[in-house]
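A short write-up of the structure that comes next.
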Amino acid sequence: MGNSSSKQKDSLKSYPSFTRSDTQNSTKSSRSLRSRRSLSRDSDASSFKTASNSPALLPNTSRKNSSNAVATESNDQAGSYTYEGDLPTLNVTGPDGTINTSLPPSMMQVEPKQPILRNNSDAQDDLLNSVRQSDTTAGDLTINAANTTSAVDIPTPSRKSSFSNYTTPFQSPVQTKITGPGAQASIDVEELIQRLLDAGYAGKRTKSVCLKNSEIALICAKAQEIFLSQPTLLELSPPVKIVGDVHGQFGDLIRMFTKCGFPPAANYLFLGDYVDRGKQSLETILLLLCYKIKYPENFFLLRGNHECANVTRVYGFYDECKRRCNIKTWKIFIDTFNTLPLAAIVAGKIFCVHGGLSPVLNSMDEIRNVNRPTDVPDFGLINDLLWSDPSDAQNEWEDNERGVSYCFNNVAINKFLARFGFDLVCRAHMVVEDGYEFFNDRSLVTVFSAPNYCGEFDNWGAVMSVSEELLCSFELLDPLDSVALKQVMRKGKHERRIANLATQSGPGSHHGSFSAGN
């Protein structure tokens with residue numbers, strides 16, 4: 001469509017802008033690839049023996065041999081496991097019966113899991129207990145980096161955390177109706193999901209989006225309502241799968257769901273950066289919002305630094321909206337981004353955020369009390385949560401080479417964990433070669449879920465799975481070029497067609513719907 005008119009430019013003046021860019025003049029991502037600390041580089045098994053208050057960690061197997069990894073108990077040490085045998089198949093037998101987690105839910109006949117969003121009173125009680133116990137008991141978190149390709153959580157006999165006994169979660173059914181001002185039409189949310197998946201499996205980037213602008217507006221309106229009805233600081237119960245940056249790589253997002261399970265077969269927490277860089281940011285964010293609408297208590301989206309007006313104008317999402325929809329649609333998305341939660345706590349032990357820590361964060365209530373909708377300011381708590389990075393710097397806090405926020409060192413991390421009784425900080429925001437990378441004696445992990453990032457880095461993508469026993473494992477996506485990715489999508493399309501035929505011959509699938517008016 002070319003450059004926007006001066007009238008359009010004037011209409012954007014109400015949106016705040018950063019005076020500093022995202023990663024301009026930054027070498028942090030490339031340096032991370034050169035000098036990574038992934039577990040696969042550790043050769044001394046004894047290095048995994050940790051202090052009494054630290055998580056117990058297990059060695060990693062090579063990515064090339066990870067297809068032979070299944071957890072079995074070791075007699076050498078309580079809570080440690082060796083790996084042998086074949087991976088479990090995607091056909092999983094559980095309380096919902098036998099399902100194939102690689103297929104969308106309408107093809108699996110799976111009902112939603114128990115809600116994992118906890119109410120604030122229970123979460124705060126657990127957090128207080130965590131702080132009280134942290135001085136006297138060993139951490140309950142186990143990070144198992146050997147389980148790198150399993151598509152399901154493998155039960156292990158590791159000691160359950162006291163935080164596994166959750167009470168009073170938010171009870172909310174699958175969304176069947178979405179109300180919005182004006183229109184009277186009713187729209188089937190599952191049908192929208194299937195249209196988006198069809199577009200993804202087609203493997204082609206189309207000039208227009210498969211959803212109408214009116215449907216996009218309705219999706220955003222309902223998503224905003226749900227985000228604002230839930231806390232700014234989410235407190236979640238495991239099991240949950242934690243996903244890092246996806247950056248508009250729609251085909252890889254579908255690959256990730258195929259490997260890890262389409263909702264509601266698994267609970268999800270995304271750490272932000274859904275748009276920009278990749279070629280299909282619109283399909284990516286729309287699919288995630290649709291899943292949020294359908295499974296509001298089992299599917300969670302945090303805000304990343306790219307969910308911001310000015311950043312999207314520089315790194316591609318604004319241009320994609322202008323080219324494939326219109327400027328009004330971009331503004332609607334910005335309004336939606338301004339309602340996203342900022343951080344999450346899993347089981348009172350794992351602090352999850354897009355960027356990192358902040359020198360001005362003295363209480364979790366400071367995050368809880370952030371009023372939304374809100375823009376991302378140029379400095380302060382919100383900015384730091386979305387932009388800061390871990391560093392080997394001598395000082396606890398130093399200026400970030402990105403030109404935004406700070407870098408924090410191991411001392412700052414240790415003080416943060418001790419103060420709030422956490423065992424692990426899980427964040428995204430940086431591309432890392434293996435898809436995950438530990439820092440500071442495994443007290444912080446970076447998770448990055450966009451493989452072959454921008455077609456340049458040849459990195460793997462990773463998803464961190466947290467079991468009910470707080471066993472953390474990593475599921476990996478190998479980097480594929482555009483040709484290989486299209487082949488994978490064609491195969492998925494064929495399997496999907498077969499599954500659709502089987503579904504049509506069986507009982508009708510349950511679809512949720514939403515309407516634009518009562």
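Each reported figure results from applying straightforward, stated rules to the coordinates on display, with no laboratory input. Keep in mind it's a predicted model, so treat the numbers as computed, not measured. Virtual Cβ from ideal backbone geometry, glycine too; neighbours counted across all protein chains shown.
Some points to look at:
- Here the simple spin-label model places points 7 Å from the Cα toward Cβ, and for Lys204 and Glu191 these points are separated by 2.3 nm.
- By the count of neighbouring beta-carbon atoms within 10 Å, fewest first, Thr329, Thr312 end up ordered Thr329, Thr312.
- Relative contact order for the stretch 199-313: 28 percent, from Cα pairs under 8 Å spaced at least 6 residues apart, divided by residue count.
- Percentage relative contact order, the stretch 244-301, counting C-alpha pairs under 8 Å, at least six apart: 44 percent
- Under-5 Å amide H pairs with Asp188, H placed in peptide plane, nonlocal only: Phe514
- Fully extended contour minus Cα-Cα distance, from Lys328 to Leu361, at 0.36 nm per residue: 8.3 nm
- Per residue, the average separation of C-alpha pairs within less than 8 Å and at least 6 apart gives the stretch 239-372 a relative contact order of 22 percent.
- Computed with the Debye formula from one identical point scatterer per Cα of the stretch 279-389, without solvent, the log10 of I(q)/I(0) at q = 0.19 Å⁻¹ comes to -1.07.
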